Amino acid sequence: MGYIDQDTGVKIEFALDQASGVRIIEWTLHRVQEPIHWHPTLELCYCLSGHGTVTGMEKRYEIGPGDIILMNNTERHTSQSKPGEACNCLVVCLDVRTIQSFDPDLLLPFIYDPASFDHLIPAESAAAQEIGPMLQEMNRELQTMGTAYQSIVKSLLFRSCALLLRHYEAKGISSRRKRNASKFMQLQPALAYIQEHYQEPLQLDEIARVLALSPSRTRHLFLEVIGERFKAYLLQIRIQEAVRLLSETDMTITDIYLSCGFQSSTSFYREFKKLMNRSPQNFRHYALVKVE
């Protein structure tokens, strides 16, 4: 999975390093707001320099050097550099399964209600001052890939997650969040399956079989963990892939909507405009202008 950096035209890949369960991207937030999106990984965005904004489903944050933004793999978000500045960040993508296999409690900071959660870990906090340098060290290890780099990256990953847990426990991680952790993990196979098969005519019954649950329980699990129904989530996955193809390729719009799992142009145009506030043709023109 990847994106075109629309300021530079460079393809940015978000594939994880399989040995360490981490991928770090040196990323400059776009001059204009990028399309709303999310990643199939957990994410920490660490601001290195400049200022910008990060907007989630419910909240908008101003960020500057040393600030960290935390996002899980279910929340849509977008970002933008402050006008006249380049906001340079490390985008740290983390594998749910790597963390869960070591200590499931380390996932608790990533299990939240977007309406009440504080995604920002400010630069002046003890957590940001400890975690920020470790993220930079992880980045150096992943770039140089020296002897036993995977072990070093994993140790830094787990320590960073432990510090995140301390930070949010001090802010009051509720017993309800701990109860929801099992639901969050229970849904992960379905999210991975959808990411692999969104081009196909998926139905709730098929996802229920992946989870070994009834369709009714699966429907409720999506609402409890993501806050949206299965069909809405699938639709957004398909639109996000269409956004990528419109930005990165010269495929025809017909080929794009068919490859993304839409059965007709009518439904594709309707849903695309509903989510992106513009037609596919207008979006493609907008994306190309930004690259130029």
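The values are calculated or read from the model by the stated rules, or taken from the named source; none is laboratory data. Keep in mind that what you see is a predicted model, and the values were worked out from it rather than measured. Glycine gets a Cβ as well: all are built from the backbone with ideal geometry, and neighbour counts include every protein chain shown. For the accessible areas, the whole protein counts, side chains as well, though only heavy atoms, and no ligand, DNA or RNA atoms are used. Shrake-Rupley method; radii C 1.70, N 1.55, O 1.52, S 1.80 Å.
For the structure I just gave you, tell me whether Leu235 is out of contact with any Pro (no Cβ under 8 Å at 6 or more places or on another chain) and either surrounded by 15 or more Cβ atoms within 10 Å (Cβ to Cβ) or not in a helix (DSSP H, G or I) (or both). When the stated conditions are applied, Leu235 passes them. Of the residues making up segment 195-205, those that are touching a residue at least 12 places away in the same chain (Cβ under 8 Å) and part of a helix (DSSP H, G or I) are Gln195, Leu204. Here Lys154 passes the criteria (1) under 30 Å from Gly227 (Cβ atoms); (2) touching a residue at least 12 places away in the same chain (Cβ under 8 Å) except the one numbered (1). Can you tell me which residue within segment 101-130, out of those that are charged (D, E, K, R) and in a loop (DSSP other than H, G, I, E, B), is most open to solvent (accessible area, probe 1.4 Å)? Among those that are charged (D, E, K, R) and in a loop (DSSP other than H, G, I, E, B), it is Glu124. Any chance segment 211-225 includes a residue that's assigned to a helix (DSSP H, G or I), open to solvent by less than 30 Å² (accessible area, probe 1.4 Å) and free of Cβ contacts under 8 Å to residues at least 24 places away in the same chain? No, segment 211-225 contains no residue that is assigned to a helix (DSSP H, G or I), open to solvent by less than 30 Å² (accessible area, probe 1.4 Å) and free of Cβ contacts under 8 Å to residues at least 24 places away in the same chain.
Taking the stated definitions as given, is Glu228 modelled with pLDDT of 95 or more and surrounded by 14 or more Cβ atoms within 10 Å (Cβ to Cβ)?
Details: modelled with pLDDT of 95 or more: no; surrounded by 14 or more Cβ atoms within 10 Å (Cβ to Cβ): yes.
Against the criterion (modelled with pLDDT of 95 or more and surrounded by 14 or more Cβ atoms within 10 Å (Cβ to Cβ)), Glu228 does not qualify.
Gln188 meets the conditions (1) surrounded by 14 or more Cβ atoms within 10 Å (Cβ to Cβ); (2) over 24 Å from His77 (Cα atoms); (3) in contact (Cβ under 8 Å) with a residue 12 or more places away in the chain in every case but one. The failed one is (2).
Pairs linking a residue in segment 49-65 that is under 26 Å from Pro133 (Cβ atoms) to a residue that is open to solvent by 40 Å² or more (accessible area, probe 1.4 Å) and of a type in the set (A, V, I, L, M, F, W, C), with Cβ atoms under 6 Å and 6 or more positions apart or on different chains, are Gly50/Ala86. Among the residues of segment 255-272, the one identified as surrounded by fewer than 17 Cβ atoms within 10 Å (Cβ to Cβ), assigned to a helix (DSSP H, G or I) and in contact (Cβ under 8 Å) with a residue 24 or more places away in the chain is Ser259.
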